[in-house]
Structure formats: C-alpha cells, structure tokens
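S.K.: Mind looking over this structure? Questions follow.
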C-alpha cells in the first residue's frame, strides 16, 4: 500500500493462516478436484477462480476470519501451484476472468491490508512484540523474499546498498524491517496515515532503525541520497499507474542508482499486478533500464524486477 494508485479501500493478497475451519459452501460451481494437466484443467481452474471471486464479492467484509482466510488461502494455493504454460495461458486469456481481474486484485489488496493491520495491532499489544511477530504465519515468507532481493541487488550493483527507501510499506512493514537487518539504513513511506502510525510504532517496538513517514509516491522529492528504492507490488494496480510511479521515482533519483519493483508471474498475477519488463521500450518501467528479473518457484509469491536509473 503506498499511494492512491493502489488504494481500493484497503489491501490483500498473501496466503492466509491454515487454521481448522468448517468447509465453505461455495456452490456446485466451486468443485475442488485434482488437476492432471489434461485438456480440462484450465476449465476447472477458471471455474474455481471465478467462484472464489464471487465469494469474495459476497463477503460482508474482508477482515481476517474463518471465511476470508479460507477463501484467500485457496486462491493463493491455486496461484502458486506449478502449472504447464499452456494451462496458465488459457486461464489468463479467458475473457470472463480477464474482465474480473482488476476487481479480484483490488479485493486481494483489501484483504492484505486488513490482515496486516490486524497483526500489527496484535504485535503492538503483546507483552513481547518480537515473539508475537514470530507467530505471524508469513514472517518466513518475508524473510525469504527480502533475502532474495538483498542479494540480487548486491550482486547487480557495484556495492551492497547502504541506504534504501521502501515505497508502500503498509501497516506491517516487514519488508523494510527485514531489509534493515542487513545493515541497510531504511526509510519507509506510505500514503495511508493509519499504516504510517502502525508501521512506525512497530519499528520502535521491535527496535529496528526504520523511519516510517506519510507520502504519495507521485510527490516524493529528492531521492538522490538513496542507493536503492524498493517499490511494493501494489503501488499502481494498473499498468499506466505503475509506469507513472516508476517514472517519478526515476526522475528524482541519481543516475546509476537501483530501483527494485515487485511484480508477479504466471498465475500469481491473479493476486498482484504483473510488471511487463518486455514492454520496457513502451514505458512499462517508466524509463528505467531493466537489469534482472527473478521469478521464485517457491511459496514466495512476488517476482523481483531490478532496474537502473539511466545516465
């Protein structure tokens, strides 16, 4: 979360807690069955994804709870499971799913925000915030993604980053906090006042040297002091908005500095916007020079796009 570009009303997308819950009745349309890479696999997947979207639309809210946790867990499970390329192409090319995709991503964004906000409050209320953080179901996912990102940046730059800005830190700014634990001086920015208040309080409670401030990505000032700017996946849900955000970041950074933009690939694009690096010549990267793209094939959901500010 980070700017009006990515704000539905709140946010979501990551997998939910695997708690013991009653099975949901999502109508006969949502038939859960094994996929065997046959010609009907993409049809079954489309049917299930559309039914999950219907259930999210019908939900009274997207706050964490048995119903929403089950729906998001199933959706994320479908998104990260390995699939043949022809199945992925058939699913993402389905006209009905294509029409619904913006709303599906927006609801994922809303659910992610609600989940992060609930856990931020829970961690802050705990006697031992650090111990409570370890109970967050996806803390290892954050560690894994941050490790991938840090080493990717260090491996493609003259030296490891010393000062970084994370744009779109959200109410549970674990990405910024984890990056700071690599010895990087990290600032974080978010457009939402509640996220800024919770994120700043968390950094203080956990003892991490991360400053969280309110700001819109499109109005950020001089960023020439940063070696690295990280742009969250939900900064700009639409391609034009993403490009505008990256273009502004490029304009206020120094030449040669690194920009890391989170993206998604394959069916993970159901959850997060896909940054099409192959379309860089047409402005998808906002004028940045592409350097590398990493697509994790683990439980880590986001892809990593590295780019450089041109001279």
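S.K.: Report the FRET efficiency, 1/(1 + (r/R0)^6), for residue 160 and residue 297, where r is their Cβ-Cβ distance and R0 is 25 Å, rounded to 0.05.
M.R.: 0.50
S.K.: If you fit an axis through the alpha-carbon atoms of helix 193-206 and take the longest principal axis of the Cα set of the chain, what angle between them do you get, 0 to 90°, nearest 10?
M.R.: 70 degrees
S.K.: Sort 169, 266, 159 by Cβ crowding within 10 Å, fewest neighbours at the top.
M.R.: Values: 169 33, 266 21, 159 7.
Placing the least packed residue first, the sequence is 159, 266, 169.
S.K.: Helix 139-156: angle to the longest alpha-carbon principal axis of the chain, degrees 0 to 90, nearest 10?
M.R.: For helix 139-156, the angle is close to 50 degrees.
S.K.: Does the stretch 91-195 classify as rounded, prolate or oblate by the C-alpha gyration tensor (a ≥ b ≥ c root eigenvalues; a/c under 1.5 gives rounded; else a/b over b/c gives prolate, otherwise oblate)?
M.R.: Details: a/c = 2.03, a/b = 1.22, b/c = 1.66.
Verdict is oblate for the stretch 91-195.
S.K.: Shifting gears a bit: Assuming a ≥ b ≥ c are the square roots of the Cα gyration tensor eigenvalues, decide whether the stretch 188-311 counts as rounded (a/c under 1.5), prolate (otherwise, with a/b larger than b/c) or oblate.
M.R.: Values: a/c = 1.74, a/b = 1.24, b/c = 1.40.
The shape class here is oblate.
S.K.: Let me ask another. Order these by the 10 Å Cβ neighbour count, fewest first: 70, 98.
M.R.: By the 10 Å Cβ count, ascending, the order reads 98, 70.
S.K.: How large is the Kirkwood hydrodynamic radius of the chain, in angstrom, based on all distinct alpha carbon pairs?
M.R.: In the chain this quantity evaluates to 19.8 Å.
S.K.: Please give the peptides 80-93, 139-152 ranked by average Cβ packing (other Cβ atoms within 10 Å per residue), highest first, as a rough proxy for protection. All intermediate terms of the calculation are to be shown ahead of the outcome.
M.R.: On the way: 80-93: 15.1, 139-152: 17.6.
In decreasing order of mean packing, 80-93, 139-152 become 139-152, 80-93.
S.K.: At a threshold of 8 angstrom on Cα-Cα distance, excluding pairs fewer than six apart, so keeping six or more, what relative contact order does the stretch 139-308 reach in percent?
M.R.: Relative contact order, the stretch 139-308: 20 percent.
S.K.: On to the next question. Add -39500 (n - 2.57) for each DSSP H run of 4 or more in the chain, then divide by its residues: what number comes out at 222 nm, to the nearest 500 deg cm²/dmol?
M.R.: When only DSSP H runs of four or more count, the value is -13500 deg cm²/dmol.
S.K.: Please give the helix 239-251 orientation as an angle from the longest Cα principal axis of the chain, in degrees from 0 to 90, rounded to the nearest 10.
M.R.: 10 degrees
S.K.: Round to a whole angstrom and tell me the spacing of the C-alpha centers of the stretch 247-306 and the stretch 122-154.
M.R.: Going from one Cα centre to the other spans 22 Å.
S.K.: Let me ask another. For the chain, what is the relative contact order in percent, using Cα pairs closer than 8 Å and at least 6 residues apart in sequence?
M.R.: 20 percent
S.K.: Determine the percent antiparallel among the DSSP beta bridges restricted to the chain, to the nearest 5.
M.R.: Here the antiparallel bridges make up roughly 40 percent for the chain.
S.K.: Now, a different point. To two decimal places, what compactness ratio does the stretch 196-249 give when its Cα radius of gyration is scaled by 2.2 N^0.38 Å?
M.R.: 1.32
Any read-out appearing in this document is the output of simple, stated calculations on the displayed coordinates, not a laboratory observation. Bear in mind that the values here come from a model prediction, so they are computed numbers and not experimental data. Virtual Cβ from ideal backbone geometry, glycine too; neighbours counted across all protein chains shown.
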